């Protein structure tokens, strides 16, 4: 039997619609729950430790501003390893997708390390979360949008699956973040790794920027990001500007694209849902990497479980050369760190009459960072098709996680996989900034900065 860990409050509220929690219920924050909504205590067996404030001290070898985060746990060794031969002993803590990878690929392995609850948040956001707990609510039963929250974990005591997914969609990534010279590779069934794209990404996380309250109230976009493609040569100079809304139905995701051959910016028709994502040359969908609207699926909050997920992957993201990382069928198991954490499990079932390449999806959302750590996507026949595994690290000098961008997507049907946003290159890095030039996240500025 799978081990569920669901609080009595969550069970009582799991299927309610849009109401916020009461003042009395919110008193759990800062006591039995952390101020961001995770269980404060250790697991019964002690394998998941109690939360003690997260990781806020950088390793001695870290160079501030370098954009390369040193692994604070580099000296640790795996507690144990899971392969196809012994996976039955650990079945309760393995996701269905992880079990499928173990069964399909004899070389796939899960190296389990000590669990570290490294996530931290800015103090102002933690204080704001207390208010969001009682004021934030979904705008309708479809989960189209939210009201009553800003610069906080929207739903620290989630009442349904949509609230958990909105916590992921609005998770903290810092105010201004630049991902420089990241690379995405596709690894074919023949084991050959091919560069799909190399690019820069710049984000303004409006929802988590205390100085952007007026902008958020006026435009109702939670974050904006701009992509500048550098490679392959045929795509060099292309740009994409995307703005994610606080309400998918009333406002909707907005996107503009710039093609250097045309020297003009165009509105992009549907940069979301199951549109093939050009960053991976179409091997994944846009909402594989960053959820678009929630309107095409029915969302069910299954509960909370203790699961093995990729976590604290400093070595894999920053320090493993691509020649070592990009092995056939899956990433090099020596590079990927797995830890036992509590996750919210959410299942999404395609609504009758709606269109999507996936008929069902399952998400495992980390209780500390509110980021999707693993997922499963099923095809129209109800067969498991794709298995995303999303890596994370804590930016210990910023009090914010870097989560959900460096990711691995496995296609079980074609025996291929994609590695998103590898940052091991000499010039690759992540940078947290104070801001960007005025107008940087506009179609007009993108058009002006374009080159042929």
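The values are calculated or read from the model by the stated rules, or taken from the named source; none is laboratory data. Computed from a predicted structure; not experimentally measured. In this analysis, Cβ positions are derived from the backbone assuming ideal geometry, glycine residues included, and neighbour counts consider all displayed protein chains.
Just a few scattered comments:
- Where residue 186 falls short, out of the listed (1) in contact with a strand residue (DSSP E or B) (Cβ under 7 Å, 6 or more places away or on another chain); (2) within 30 Å of residue 438 (Cα to Cα); (3) surrounded by fewer than 24 Cβ atoms within 10 Å (Cβ to Cβ): (2)
- Complete set of residues in segment 63-87 that are outside any loop (DSSP other than H, G, I, E, B) and either surrounded by fewer than 20 Cβ atoms within 10 Å (Cβ to Cβ) or at pLDDT below 95 (or both): 80, 81, 87
- Output for segment 260-282, where each listed residue is part of a loop (DSSP other than H, G, I, E, B) and in contact (Cβ under 8 Å) with a residue 24 or more places away in the chain: 260, 261, 263, 268, 271, 273, 274, 281
- Segment 88-130, subset buried (at least 18 other Cβ atoms within 10 Å of the Cβ) and without any contact (Cβ under 8 Å) to a residue 24 or more places away in the chain, residue nearest to the chain's Cα centre (by Cα): 99
- All positions within segment 131-141 that are outside any helix (DSSP H, G or I) and either in contact with a strand residue (DSSP E or B) (Cβ under 8 Å, 6 or more places away or on another chain) or free of Cβ contacts under 8 Å to residues at least 60 places away in the same chain (or both): 136, 137, 138, 139
- Residue that is surrounded by the fewest Cβ atoms within 10 Å (Cβ to Cβ), among those in segment 200-259 that are part of a helix (DSSP H, G or I) and either in contact with a strand residue (DSSP E or B) (Cβ under 6 Å, 6 or more places away or on another chain) or on the phi > 0 side of the Ramachandran plot (or both): 235
- Residue list for segment 306-325, filter: part of a loop (DSSP other than H, G, I, E, B) and within 8 Å of residue 337 (Cα to Cα): 311, 312, 313
- Single condition residue 151 does not satisfy, out of (1) part of a loop (DSSP other than H, G, I, E, B); (2) at negative phi: (2)
- Exactly one residue out of 177, 173 is surrounded by 21 or more Cβ atoms within 10 Å (Cβ to Cβ), assigned to a strand (DSSP E or B) and at negative phi, and it is 177.
- Scanning segment 164-185 for residues that are within 30 Å of residue 300 (Cα to Cα) and in contact with a helix residue (DSSP H, G or I) (Cβ under 6 Å, 6 or more places away or on another chain) yields 170, 172.
- Yes/no for residue 341 being modelled with pLDDT under 95 and either part of a strand (DSSP E or B) or closer than 24 Å to residue 276 by Cβ (or both): no
Listed here are the residues, each with its yes/no results for (1) over 30 Å from residue 136 (Cβ atoms); (2) at pLDDT below 95.
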{"residue": "174", "(1), (2)": "no, yes"}
{"residue": "177", "(1), (2)": "no, no"}
{"residue": "186", "(1), (2)": "yes, no"}
{"residue": "193", "(1), (2)": "yes, no"}
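- Selection status of residue 332, at pLDDT 95 or above, within 17 Å of residue 423 (Cα to Cα) and in contact with a helix residue (DSSP H, G or I) (Cβ under 9 Å, 6 or more places away or on another chain): yes
- The set of residues in segment 285-305 that are modelled with pLDDT of 95 or more and buried (at least 21 other Cβ atoms within 10 Å of the Cβ) comprises 301, 304.
- Selected residue [touching a helix residue (DSSP H, G or I) at 6+ places or on another chain (Cβ under 8 Å), in contact (Cβ under 8 Å) with a residue 24 or more places away in the chain and part of a loop (DSSP other than H, G, I, E, B)] from 425, 404: 425
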